[in-house]
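Only one structure is covered here, and it is reproduced in the block below.
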Ligand code: C5P
């Protein structure tokens, strides 16, 4: 697939046309941002690792029957994907209380959440990604009730698959954010990325933080943590 015109530039990824109108190339950039893009830096090789990590998760999910945008990793940093019409929802699933949940509600830090908590935020920087309920989502015309029920159903399956996959590799999965879109046939398909930029990952033996929270808190070793996640999920193929 030949890389064509840039059709979308996000905060950490670019989307390019290809010679096939149903496919795009997603380029994972090295930029990392926090706080609606206020805090911004470049981390050498972050795009490389996030693309490799996301590809691995998409492959694991595809093998379990989840529809994803993923076609192939052309080379690290460049993912060939189905073109999706993205839904501006940040679908957040939580297995352990952390982050904004413990700031906004009286949960205890690291409290187990079983069944998992699913939350949907409106992906909109101008409005600072407000938390939605179904009624507001439907009134905004973002999705129908049936689509929201389908999204929750697929999201719980994704959570169960990835939580087990990660725990076998000594990683806890406190929470993560995913996004969905419609493919050319109108199916709801998992898009975007699944990486340390969009998930919390904790070492299950040491409780070491292995994700973007290190950057958010201004700590060092961000890339080392991302590389550690990559090595933990890419080795031990025998466990699958
Ligand atoms: O900040 P909060 O605790 O709500 O984040 C929950 C999860 O969603 C975290 O894994 C975080 O990385 C992810 N997230 C994201 N993009 C956002 C907000 C949250 O990837 N805009």
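Values in this text are rule-based calculations from the coordinates and carry no lab data. Being a predicted model, the structure only gives us computed values, none of them experimental. FYI the Cβ positions are ideal-geometry reconstructions off the backbone, even for glycines, and counts take in every protein chain you see.
Calculate the spin-label point distance for residue 36 paired with residue 138, positioning each point 7 Å from the Cα along the beta-carbon direction, and give it in nanometres.
Rounded to a tenth, the inter-label distance reads 2.9 nm.
For residue 8, put the label point 7 Å out on the Cα→Cβ axis and report which residues of segment 16-58 keep their amide N under 12 Å from it.
Inside the label zone: 16-17, 24-27.
Could you tell me the distance between the Cα centroids of segment 58-90 and segment 176-240, to the nearest Å?
Going from one Cα centre to the other spans 14 Å.
State, to one decimal in nm, how far the label point of residue 110 lies from the label point of residue 1, with both points 7 Å from Cα in the Cβ direction.
Placing both labels 7 Å along Cα→Cβ, they lie 4.2 nm apart.
So what is the calculated 222 nm ellipticity per residue for the chain, using -39500 (n - 2.57) for each DSSP H run with n of 4 or more, over all residues, to the nearest 500 deg cm²/dmol?
Taken over the chain, the calculation gives -9000 deg cm²/dmol.
Be a star and scan segment 37-55 for residues whose amide nitrogen sits under 18 Å from the point 7 Å along the Cα-to-Cβ vector of residue 103.
Output list for this probe position: 37-41.
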